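J.: Structure in structure tokens, see below.
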Amino acid sequence: METKDLKEKTGNKAPAEKESFFHSLFSSFFKNSSPEAEKKRKLKNIAKNFSKTKYHSFYKPSSAEMQGSFGKLIFDIYKVISPAQTLFKNAPNPAIFKRQIINYLLSDNQQELINQLDEQNIIKMSKTIPINQLQKDVEQKLQQFTNEFDDKKSAQADSLCKAFSLFQDFCCFDYYMILKKYDSSYQEFNFSATPRLEKVNSGYIVNEIKDFLSVAYAITDETIDWTSLFAMLKETQSKEVVSLGVWKKIVAKIRNIQVSRSLDLAVQHMSDDPDYETEIKYHYESLLDPYISKIEQETRSLVSKIEYEQKESKATSICMQIFGTADPQNLKYYVSSFNPILEKKDLTLLEYTEPLNYLKTFLVEFVKSDIREFYDVVVIRGQWDASLSAPFSNSYQELLKTSDEITVFDEAFSEEGSMGMKIKTLLPKTAHDAGAENIINRVVSDANDQARNYIIQSAQNLVTIGKTIKQLIEDYSLPKPVLVANWKELEKFIETPMKEFSVNIYKKIYLFVQLIQTYVS
């Protein structure tokens, strides 16, 4: 009995299953053989599904026309957000809104630090404290400022920036263009009367609808904190740009439309594209990192500029006292004019052109004249302890040797010189050969090290000579000299009085060492 029942049940189903199998087979065959027919079938189903949605009044599939109810939705949104659209479009600088978000988030302490890091305040500070102290003070303030941007505040900033960007994109959408296609006589921002919103051919408006959905669906993100954004806008604009309550109703309306897929189906149907999907567009990026980087870069650049200007001012003043000119020239090839060709290729630059030039000029114009005369008279002819005169003598000889070496070093950067020729040969290859770039950088870096070495060693030798001359000046002033026994005899070998001659040499050495210290610490 059970077997019979089973056969009866199976027998009853077999024809239906057989029929379903053949129906699927033919449907599959028909689909593959006629893609256009399948597309039409899909579009027909889309029209049918659209008619069942909550917002079926927006579009009439049979005539492919957008109806007045959709135009009314656009007009109502446009009327609400128009104050915000006007605010955003009339802003002289769009970046001002990002700055307002940052300022809204800053603590009182951060606001005070920003004020202290203001350009005018830093310039004012630079006139009362040494540059190294200014640099230290500025770095401490920058560190205090950035430390307050912890993970919590950073997340708050990103959230607020995202909400603002989505709100701005939605408000700045061209609603007027859609309304204009409904009613060509409609005037922008005219809300005294509703425009004529009857119907419009979908082909004439489909692209605008796609663009609208792209920005509209973005505001339905449930993670957005609209309350915080509107609190910020109210505080920074001193008024309520858009009512938060009304805005939330707009968001809810758009979310309902999105969930119903009514406009998505309408767009698929009117564009004859059953596979069309709305691409939600987001236009926001991190706000804090660029802002902090900008603050740090601008502040440090200002301090560097002040340091450079102070250095140049001090160098000019000292050069005038030593050389009688602000720009003495002695080197021919290791000079700043060599740098543009290197800078253009983003290569290492000649770093010590100015101080090395000053050194060479000082060695030629002063060491080989005044100090040589002092050496010939006081060191050679003077009767004093050799152990005391030896450091002076050794330093003097080293300076003469360095002067000759600098000449050779400078010539090496000429077009025929070893370094100049190598750089000239390799420069054209740097565009496609990283090895050529590395060689040039190494050559220039080694040259910079050598130039620095000349400067530091010469400064040390001049300090040694200066200290010895200071001792000799003090000895000369004693009623009974201790170091040099024949001062009176030595005076007849120079035209200038010995003390005046010695003091002038000491002062120029002192000034020159100060000059060098502005470039090499």
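The values are calculated or read from the model by the stated rules, or taken from the named source; none is laboratory data. These numbers come from a predicted model, not from an experiment. Quick reminder, even Gly has a Cβ in these numbers, built from the backbone with ideal geometry, and neighbours come from all protein chains shown. To get the accessible areas, we keep the full protein, side chains included, count just its heavy atoms, and leave off ligands, DNA and RNA. Shrake-Rupley method; radii C 1.70, N 1.55, O 1.52, S 1.80 Å.
J.: Which of the following residues is surrounded by fewer than 15 Cβ atoms within 10 Å (Cβ to Cβ), more than 17 Å from I81 (Cα to Cα), touching a strand residue (DSSP E or B) at 6+ places or on another chain (Cβ under 7 Å) and polar (S, T, N, Q): N201, N256? Please lay out each step first, then the result.
T.: Details: N256 fails: touching a strand residue (DSSP E or B) at 6+ places or on another chain (Cβ under 7 Å).
Just a single option satisfies the conditions, and that option is N201.
J.: Yes or no: segment 233-251 includes at least one residue that is aliphatic (A, V, I, L, M), in contact (Cβ under 8 Å) with a residue 12 or more places away in the chain and farther than 30 Å from L105 by Cα.
T.: no
J.: Same structure again: Starting from segment 324-336, keep only residues that are over 12 Å from A447 (Cβ atoms) and modelled with pLDDT under 90, then list their pairs with residues that are outside any loop (DSSP other than H, G, I, E, B) and open to solvent by less than 40 Å² (accessible area, probe 1.4 Å) whose Cβ atoms are within a distance under 7 Å, requiring at least 6 positions of separation or different chains.
T.: A326/C319
J.: Turning to a different aspect of this structure: Would you please list the contacts, defined by Cβ atoms under 8 Å and residues six or more apart or on different chains, that run from a residue in segment 213-230 that is open to solvent by less than 30 Å² (accessible area, probe 1.4 Å) to a residue that is charged (D, E, K, R) and assigned to a loop (DSSP other than H, G, I, E, B)?
T.: Taking only residues 6 or more apart or on different chains, the pairs are S214/E279; S214/K281; V215/K281; A218/K281; F230/E240.
J.: Here is a list of conditions, (1) closer than 26 Å to T325 by Cα; (2) open to solvent by less than 10 Å² (accessible area, probe 1.4 Å); (3) not in a helix (DSSP H, G or I), and F512 meets all of them except one; can you say which number that is?
T.: (3)
J.: Test N448 against the stated conditions and say whether it is in a helix (DSSP H, G or I), open to solvent by less than 50 Å² (accessible area, probe 1.4 Å) and modelled with pLDDT of 95 or more. Spell out the reasoning first.
T.: Working: in a helix (DSSP H, G or I): yes; open to solvent by less than 50 Å² (accessible area, probe 1.4 Å): yes; modelled with pLDDT of 95 or more: yes.
Judged against the criteria, N448 is a match.
J.: May I ask you to verify whether T430 is more than 30 Å from K344 (Cβ to Cβ) and either within 33 Å of the chain's Cα centre (by Cα) or at pLDDT 95 or above (or both)?
T.: Values: more than 30 Å from K344 (Cβ to Cβ): no; either within 33 Å of the chain's Cα centre (by Cα) or at pLDDT 95 or above (or both): yes.
So T430 fails the test.
J.: Also, quick follow-up: Between S214, S301, S228, S286, which is outside any helix (DSSP H, G or I) and among the small types (G, A, S)? I'd like the intermediate steps shown before the answer.
T.: Details: S214 fails: outside any helix (DSSP H, G or I); S301 fails: outside any helix (DSSP H, G or I); S228 fails: outside any helix (DSSP H, G or I).
Only one candidate qualifies: S286.
J.: Let me ask something additional. So F145 passes all but one of these: (1) in contact with a Pro (Cβ under 9 Å, 6 or more places away or on another chain); (2) aromatic (F, W, Y); (3) touching a residue at least 24 places away in the same chain (Cβ under 8 Å). Which condition number does it fail?
T.: Result: F145 fails condition (1) only.
J.: Sticking with this structure for a sec: How about segment 336-364: which of its residues are of a type in the set (V, I, T), open to solvent by 70 Å² or more (accessible area, probe 1.4 Å) and in a loop (DSSP other than H, G, I, E, B)?
T.: Looking only at segment 336-364, we keep the residues that are of a type in the set (V, I, T), and these are 341, 348, 353, 361, 364.
Checking which are open to solvent by 70 Å² or more (accessible area, probe 1.4 Å) leaves us with 341.
Of everything in segment 336-364, nothing turns out to be of a type in the set (V, I, T), open to solvent by 70 Å² or more (accessible area, probe 1.4 Å) and in a loop (DSSP other than H, G, I, E, B).
J.: In segment 465-497, what residues are β-branched (V, I, T) and open to solvent by 80 Å² or more (accessible area, probe 1.4 Å)?
T.: Taking segment 465-497 first, the residues β-branched (V, I, T) are 465, 468-469, 473, 482, 484, 494, 496.
If the condition is that a residue be β-branched (V, I, T) and open to solvent by 80 Å² or more (accessible area, probe 1.4 Å), then V482 is the only one that fits.
J.: Tell me, which residue of segment 166-184 that is open to solvent by 10 Å² or more (accessible area, probe 1.4 Å) and of a type in the set (S, T, Y) is nearest to the chain's Cα centre (by Cα)?
T.: Y176
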